[in-house]
Structure formats: structure tokens, C-alpha cells
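In what follows, a single structure is set out as C-alpha cells and then discussed.
We did not get these values from a lab; they are worked out from the coordinates using the rules stated. It should be emphasised that the depicted structure is a prediction, and the values quoted were computed from it without experimental measurement. All Cβ positions, glycine included, derive from the backbone under ideal geometry; neighbour counts span all protein chains shown.
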Amino acid sequence: EDKVVQSPLSLVVHEGDTVTLNCSYEVTNFRSLLWYKQEKKAPTFLFMLTSSGIEKKSGRLSSILDKKELFSILNITATQTGDSAVYLCAVAETSGSRLTFGEGTQLTVNP
Amino acid sequence: DVKVTQSSRYLVKRTGEKVFLECVQDMDHENMFWYRQDPGLGLRLIYFSYDVKMKEKGDIPEGYSVSREKKERFSLILESASTNQTSMYLCASSPHLAGTTDTQYFGPGTRLTVL
């Protein structure tokens with residue numbers, strides 16, 4: 001059975017801290033890994049990763065994939081209270097268009 | 001911008017009622033999905049559809065059915081609502097561009113409470 005596991009499940013930090021969120025996966029035919037941010041509404045797309053070792057970056061957020069060790073990390077530097085959200089990791093397989101999601105990491109950034 | 005809308009943000013129903021959750025997307029996407037989201041369990045796929053009148057079971061289809069009569073609309077039906085179906089329901093859509101993009105676009109969600 002395909003599996004996506006995120007850690008930690010919950011994290012509380014202070015503004016200005018740097019955080020690293022983890023996502024490991026076990027899928028039969030990997031095609032891509034996606035990160036989403038979910039505040040109190042629809043998840044919004046952050047990154048899609050398909051190749052190992054190539055960092056995707058958007059402002060203070062960055063992500064990288066390791067297809068050999070089957071994991072990805074999402075880094076957020078100089079965190080702000082607006083980064084408080086649930087961060088979701090999902091994996092797509094070559095067999096179709098469905099995604100398998102992890103449980104999510106609840107990030108809380110305190111002022 | 002892709003827009004996915006859901007018919008209700010909040011819904012309260014009684015046990016045994018038939019419930020319809022509607023989802024509409026405006027980007028001519030082939031694929032549409034229904035998920036439920038529960039604390040500690042993440043998003044779990046209920047049903048999805050690759051085309052009009054086509055449907056596929058996801059991981060937790062029991063107690064649910066779906067309808068896709070038009071490309072832009074995907075409905076989730078709870079034939080006889082039960083309290084364990086109290087949850088946040090999220091609809092998503094994506095283009096049929098496998099390998100080019102796997103991004104799914106989500107609606108705002110419907111928080112369903114079954115009493």
C-alpha cells in the first residue's frame with residue numbers, strides 16, 4: 001500500500017526561526033512530489049518536485065527531493081506569523097492522476 | 001486563475017438524510033476529485049473522475065456515490081448520512097497532463113456536520 005508520512009505532525013516556533021518539514025514516501029511508481037500550504041481554506045500549491053537534488057525556491061520557502069532515500073524536505077527561513085498553516089505533502093504515481101497525501105504538519109509561528 | 005467552487009461552506013444535516021455536495025470548476029479540467037479531511041488523517045480520496053460519466057473509487061468510497069454529468073461539475077452524494085461522515089470535504093480538479101503537471105486545484109471546502 002502506498003504511504004506518505006510527514007514529520008513532525010505539529011511544530012511551534014517563534015518568528016524569525018528556520019523550520020524544516022519532512023516528508024517520506026513509499027509508492028510503487030513514483031512520478032512527482034508536491035507540497036501544499038493550507039490555511040483555514042483551500043490548500044494552495046507550493047512546489048512540485050520530480051528530480052533529485054534540484055532545489056525549488058520561492059522567497060523564504062525552498063524544497064528538495066531525494067529519490068534514492070525517498071524523502072523531501074520543505075524549509076522555511078525567517079518565519080513569519082503568516083506562515084502558520086498546515087503543510088501537506090503528496091505523491092503522484094506514473095499510473096494516473098491521483099495524489100496520495102500525508103497527514104500534514106501543523107506549523108504555528110508565534111510573534 | 002483556476003477557480004473551484006463548492007456549493008456550501010458549512011452544512012448541518014441529520015442522520016439518515018440524503019446529502020448532495022456540489023463542486024464546479026471553470027478551467028475545463030478533465031480530472032476531478034473528492035477528498036475528506038480529518039484531524040490526524042490528512043486528505044483521503046473518496047472518488048475521482050477522469051471524464052464525464054466516468055468515476056473511479058478512491059481509498060474510502062463506502063457510504064458515498066458521485067455523479068459527473070457535465071465536465072465542469074462533480075457531485076458527491078451521501079445516500080444516508082451518518083455521524084461518522086462529519087468531516088471537511090474538499091473538491092479538487094486537475095488537467096489531464098500526466099507528467100507535465102500533477103498539481104490539483106482545490107475548492108474552499110464544505111464542513112459537514114451530521115447530527
Of A:THR81, A:THR105, which residue is touching a Leu at 6+ places or on another chain (Cβ under 6 Å) and of a type in the set (S, T, N, Q)?
-> A:THR105
Taking segment B:39-78 and keeping only residues that are within 10 Å of another protein chain (Cβ to nearest Cβ) and either surrounded by fewer than 19 Cβ atoms within 10 Å (Cβ to Cβ) or not in a strand (DSSP E or B) (or both), one is left with B:PRO39, B:GLY40, B:LEU41, B:ARG44, B:TYR50, B:GLU56, B:GLY58, B:ASP59
Take the residues in segment A:40-59 that are at the interface with chain B (Cβ under 10 Å from one of its Cβ atoms) and part of a loop (DSSP other than H, G, I, E, B), then tell me which one is nearest to A:GLY102 (Cα to Cα).
-> A:PRO43
Restricting segment B:93-115 to residues that are at the interface with chain A (Cβ under 8 Å from one of its Cβ atoms) and part of a strand (DSSP E or B), the residue that is surrounded by the fewest Cβ atoms within 10 Å (Cβ to Cβ) | B:TYR105
Members of segment B:21-43 that are touching a residue at least 12 places away in the same chain (Cβ under 8 Å) and more than 13 Å from B:LEU76 (Cβ to Cβ) | B:GLN25, B:ASP26, B:MET27, B:ASP28, B:HIS29, B:GLU30, B:ASN31, B:GLN37, B:ASP38, B:LEU43
Looking at A:GLY82, A:GLY104, which one is within 24 Å of B:PRO108 (Cα to Cα), out of contact with any helix residue (DSSP H, G or I) (no Cβ under 9 Å at 6 or more places or on another chain) and within 13 Å of another protein chain (Cβ to nearest Cβ)?
-> A:GLY104
Set A:PHE101, A:PHE71: member being aromatic (Phe, Trp, Tyr), buried (at least 16 other Cβ atoms within 10 Å of the Cβ) and more than 28 Å from B:ASP51 (Cβ to Cβ) | A:PHE71
Which residue pairs have Cβ atoms under 6 Å apart, sit 6 or more places apart or on different chains, and have a first residue in segment B:47-59 that is free of Cβ contacts under 8 Å to residues at least 12 places away in the same chain and a second that is surrounded by 15 or more Cβ atoms within 10 Å (Cβ to Cβ)?
-> B:GLU56/B:PHE48
